[in-house]
Each structure stands twice: as structure tokens, then as C-alpha cells.
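The structure appears right after this line, and notes come after that.
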Amino acid sequence: MVLALSAHFAIGPLVGAIPDPASLTAAALITVIVATPLVLYSQMLIRSLAASRRKMRRMTEELAVALGEKENAYQNLSRFLSGMSHELRTPLNAIIGFSDILSNQRFGLIGNEKYVEYAGDIHASADHLLGVINSILDMAKIQAGQTELGPPTGVSVGELFHLVSRLLAPLSEQRGVELSMRHPENDLGLFGNEQMMRQILINMVSNALKYTPQGGRVTLSSEEGAAGEMALCIADTGIGMSPGEIRIALQPFGQIENAYNRRQGGTGLGLPLVKAMMELHGGKLRIDSIPGQGTSIRLSFPAERIMRVQVTATAPA
């Protein structure tokens, strides 16, 4: 507008159009009134953008420092886990081995039966402690991103079911809980870390037996999806959980507070560890539960993890 008025003032006399001073003054005032807020607002935006850039640069520097500290923390954790694995597992394995020799009197009879009983207690306690330590170390390694699946191997679902049935039959009898299997119609298999898949299934079934009162039932089955995926399902008639209790149980070291759980003990790592191992395989853990009625677990594996046992298959990349 200022340029237009200036041009009108300069060219007007040449073409016989004499500018009106009052009009020019009014136009100039209007221009100042309109332009001033725009100029002030533009300056405010410029200052705000400059402050945002400074804040972004500061946040970037802080993030770089934090990432460096995190990397150092992971390296320290790796060294700690390596040392912890040796310092704890080695003596515990010795305790387990020697207490087994004593409790079974392999080198001759022990005079007092109490010594045999105590040796058995030592063996059971050391074995339990080793299991707790293994769970803690496994969870820490997964959280630190130090756990890899390694070269995938194939394992038959039927073989997994048979293994679980054989290993957990004593616990089933001890708890007075029926453990039943519904084997898959098609002999399917899974590609992945065989040790992890065994641990996943054993953890889940033993948990179901542990939290099912005497006279209850735990059922292990499999379901094949239309898109080629597969789910291993564990259903029990146990104490069940509310949605809030499920959220707690899925957190590392999460402990549900009730009288039944206090009697059972545990570290609160079973479900979080299974969830982490399932995610390493690209799978999902789903829990449906109703307090007082039981719990249903679905371990869902994607189609690329499934194989036909009868057919030579190629492991997923």
C-alpha cells in the first residue's frame, strides 16, 4: 500500500491527477495501524521459532548424552550378567550335585535318616534358587537387548506337548489337578529357539497347575488359523484374575496380593518372561481370565513360524 501511494503521488501530477493530501494522510494512518500489529506478531513468531530451535538443539544434545549413558549402562549390565552367571550358577550347580549324591546315598548309607532328609531339602532349595536366578538373568538380558534367537530350529508341537506332559506329571499329581492334552490334528511344528519354546510352554502350564485348586483341570491344546498362524492354548479352572491383576502380573516382579498367591510364592517373572520370549518370536501372549472361574492363555505364533513336520521346510529369514 505504501508503494502504491508513493507511485500515485509521484506519477499523479504527470497525468493530471493531483493527490489529495487528506486522502494520502488517511491512507498512511490506515497502513501504519494495520501493519504495526503484523510486524509485531511477525517479530514474536521469529523470537518463538528461535527459542524453539535453541530448545530443540539442547534436547538433541541431552538425548545424545542419554543414549551414550544408556549404551554404557548396557555394557556394564552385560559384564555384570556375565560375572553373575558364573559366580552364582557355578556354586549352585555344585550344591545341587553334591546334595543329590547325599540324598540318594550314592556312596553308601548315611547313618541318620535326618541327614538324608536335610540333603533333599538342600537340593530342592538350591534347585529353586537356580531357577529364580536364571529367570532374573534371562529377563535382564532380554530387556538389555542382548538375547538373540540364534539359528531357528524346528520342533514338533506334538513333541512339545509330550515333553510338558512328562515333566509336569509329578506336579499335576502333587497338586491333585488333572492335566489333559488335545494334540493337534495336523502334526505341525514351530520354527524358533527350541529351548525358549519349551520354557514358554512349561512356564505357562506349570503356572496353571500352580494356581488351580485341587480337583481342578488344566488343558493344553493348539489351534490352527485360516491364515496359517497357530496358537498354543492353556486353559485352567483355577482362581482366575481381574483385568487389573492381569496388568500387574505382566509387569516384571509384579505380585498379585491375595492369600492364595502369598501361599504359592514366586518372583513375578513368569508371565513377563514368557511375553518377552513370545515377542522375540514375533508372537503374542493373550490372557483372558475371570476371578473364581479360571484363566485362558493364547500363545499366538505368526504363519512364518509354522511348519509341516512331514515336509522339509525353510526357516524364516
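Just so it is clear, none of the values below were taken in a lab; they were calculated from the coordinates. What you are looking at is a predicted structure, and each value in this text was computed from that prediction instead of being measured. Quick reminder, even Gly has a Cβ in these numbers, built from the backbone with ideal geometry, and neighbours come from all protein chains shown.
Numbers below:
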quantity: Efficiency of FRET from Cβ geometry, E159 and D100, R₀ 30 Å, rounded to 0.05; calculated: 0.65
quantity: Potential extension, A51-V132 segment - 0.36 nm per residue separation minus Cα distance; calculated: 24.0 nm
quantity: Spatially proximal lysines relative to K275 (Cα-Cα < 17 Å; intrachain offsets below 8 disregarded); calculated: K141, K284
quantity: Among 203-209, 99-105, the order from most to least packed when residues are scored by Cβ within 10 Å on average; calculated: 203-209, 99-105
quantity: Where labels lie 7 Å past Cα in the beta-carbon direction, separation of S221 and L109 in nm; calculated: 5.3
quantity: 26 Å Cα-Cα reach of K55 towards lysines, excluding residues that sit fewer than 8 places from it in its own chain; calculated: K70
quantity: Order by protection proxy (mean Cβ within 10 Å, highest first), peptides 269-279, 171-181, 55-65; calculated: 269-279, 171-181, 55-65
quantity: Square roots of five times the Cα gyration tensor eigenvalues for the range 153-308, Å; calculated: 25, 18, 14
quantity: Extended-chain gain in nm, criterion 0.36 nm per residue less alpha-carbon gap, L167 and E304; calculated: 46.5 nm
quantity: Cβ crowding within 10 Å averaged over residues, with 131-140, 88-97 ranked highest first; calculated: 131-140, 88-97
quantity: Residue-count net charge about I306 - beta-carbon cut-off 12 Å; Lys, Arg +1, Asp, Glu -1; calculated: -3
quantity: Calculated FRET efficiency for the pair T60/V34, C-beta based, R₀ 41 Å, to 0.05; calculated: 0.55
quantity: Relative exposure of Y211, Y115, judged by other C-beta atoms within 10 Å (fewest first); calculated: Y115, Y211
